[in-house]
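Accompanying notes for the structure given below.
The values are calculated or read from the model by the stated rules, or taken from the named source; none is laboratory data. Being a predicted model, the structure only gives us computed values, none of them experimental. Counting neighbours? That spans all protein chains shown, and the Cβs are built from the backbone with ideal geometry, glycine included. Side chains are part of the model used for accessible areas, which takes the heavy atoms of the whole protein and leaves out ligands, DNA and RNA. Shrake-Rupley method; radii C 1.70, N 1.55, O 1.52, S 1.80 Å.
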Amino acid sequence: MAARTHAPQPLRNGCIQDVDPASCGRPREFQHPHFSAGCCPGWNQQHENLEKLNMQAILDATASQGEPIQELLVTHGKIPTLVEELIAVEMWKQKVFPVLCRLEDFKPQNTFPIYMVVHHEASIINLLETVFFHKELQKQAELMEFEIASKALSVLRYITDCVDSLSLSTLNRMLSTHNLPCLLVELLEHNPWSRREGGKLQQFEGGRWQTVAPSEQQKLSKLDGQVWIALYNLLLSHEARARYCLTSFAKGQLLKLQAFLTDTLVDQLPNLAGLQGFLAQLALTETQPPKKDLVLEQIPEIWERLERENRGKWQAIAKYQLRHVFSPSEQDLRLQARRWAETYRLDVLEAVAPERPRCAYCSAEASKRCSRCQNEWYCCRECQVKHWEKHGKACVLAAQGDRAK
């Protein structure tokens, strides 16, 4: 068996190995977004650059090496580019993909490009979260979309930390256009990151559903905590309270929070005692009629510009991608697979994995991997021998497939 390297060396001179610091490995080479999603060389290079930056940022945060990726992104002005890339992906999903699906000749040999677009979006939001706060077909896509939403919730909470310094148009959009306080109440009511499977409570954390032990069920989850902190920031901020219109609907929604503010919750987040006092005062407060203030808002410039530049081109973009992206030749697929294999190197992925691998036989922490297929992990030779009856056929087939490549 091949021994697992517990201390992989993905770094060299501050960059991931095989990444030229003067080219694609540096944030300054992360270019402006475009709509060539999937397999064209420019988009592929863009995605590879993003993944390498993403992995490097996670490694830096894990090793407490400061924030070199954040500093470089800020120095080279690439934070707006990341945001624009995220908006471009969403626009592709709304504008190009529906047209693509309606084309008569749309018979893609594989769904790989679609999966990569969703993965690209997840990687961008993950990089933004990691860089700023140190701190991946349908079923797979749904799980990834859910993870994107949970990370977006975390980003939203961080935005509310500076609610007093937000621009008037941003604050108006948060409080009036989208009514975030009421939306957050709805999230707490429906609690989409918790579910029951087989009579056991599960919570979505770390990108997957995890069973919660009975002794831990009263413990506040990370996503619950993010919602409560966001509500605290929005409702107790002087600037936000001055701008938020407490209509009868808003009052009714916010008072629902009283049922959730138990002593156990306040013990875990003592600041929520202030929110309890606010709600008690709100119950005695008269409601306000909807405000009709004149507010001059900034328009969403990036979305408007991308839509303006590509207006009338969605059909042409979809037809182009049908020919060049969704009908790749076998040679193109092999070349792309080889590039992804180089991007998602095992030693780097193992280093950023949230958990150590487990033995396929006894589930103990594993340090050795099957040397033939490289897929299964074991804690010792004895477990590998005992598991061979189950693993042997798949192992031989996997090894034959690798040799065929």
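When you check His387 against the structure, is it touching a strand residue (DSSP E or B) at 6+ places or on another chain (Cβ under 8 Å), surrounded by 13 or more Cβ atoms within 10 Å (Cβ to Cβ) and outside any loop (DSSP other than H, G, I, E, B), yes or no? For His387, the condition - touching a strand residue (DSSP E or B) at 6+ places or on another chain (Cβ under 8 Å), surrounded by 13 or more Cβ atoms within 10 Å (Cβ to Cβ) and outside any loop (DSSP other than H, G, I, E, B) - is met.
Take the conditions (1) in contact with a Ser or Thr (Cβ under 7 Å, 6 or more places away or on another chain); (2) at pLDDT below 90; Ala240 misses just one of them, which is (1). From the list Leu223, Leu180, pick out the single residue that is in contact with a Leu (Cβ under 8 Å, 6 or more places away or on another chain), under 30 Å from Glu71 (Cα atoms) and modelled with pLDDT of 90 or more. Only one candidate qualifies: Leu223.
Name the single residue that is farthest from Thr130 (Cα to Cα) among those in the range 159-168 being in contact with a helix residue (DSSP H, G or I) (Cβ under 7 Å, 6 or more places away or on another chain) and open to solvent by 50 Å² or more (accessible area, probe 1.4 Å). It comes out as Asp164.
Beta carbons closer than 6 Å, at least 6 apart along the sequence or on distinct chains, pair a first residue in the range 184-202 that is part of a helix (DSSP H, G or I) with a second that is open to solvent by less than 30 Å² (accessible area, probe 1.4 Å) for Leu184/Val227; Leu184/Ala230; Leu184/Leu231; Val185/Gln253; Leu187/Val227; Leu188/Val227. Taking the criterion of being at pLDDT below 85, surrounded by 13 or more Cβ atoms within 10 Å (Cβ to Cβ), closer than 30 Å to His47 by Cβ and touching a strand residue (DSSP E or B) at 6+ places or on another chain (Cβ under 6 Å), would at least one residue in the range 357-368 satisfy it? For the range 357-368, residues at pLDDT below 85, surrounded by 13 or more Cβ atoms within 10 Å (Cβ to Cβ), closer than 30 Å to His47 by Cβ and touching a strand residue (DSSP E or B) at 6+ places or on another chain (Cβ under 6 Å): present.
This table checks each residue for (1) at pLDDT 90 or above; (2) closer than 30 Å to Thr81 by Cα.
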site: Ile229; (1), (2): yes, yes
site: Thr264; (1), (2): yes, no
site: Asp293; (1), (2): no, no
site: Arg311; (1), (2): yes, yes
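For the range 206-242, the tally of residues that are of a type outside the set (Asp, Glu) and over 18 Å from Gln281 (Cα atoms) stands at 23. Which residue pairs have Cβ atoms closer than 7 Å, lie 6 or more positions apart in sequence or on different chains, and pair a first residue in the range 136-163 that is modelled with pLDDT of 85 or more with a second residue that is open to solvent by less than 50 Å² (accessible area, probe 1.4 Å) and among the polar types (S, T, N, Q)? Taking only residues 6 or more apart or on different chains, the pairs are Lys151/Asn126; Leu153/Gln226; Ser154/Gln226; Arg157/Gln226; Thr160/Asn233; Asp161/Asn233; Val163/Asn233; Val163/Ser237.
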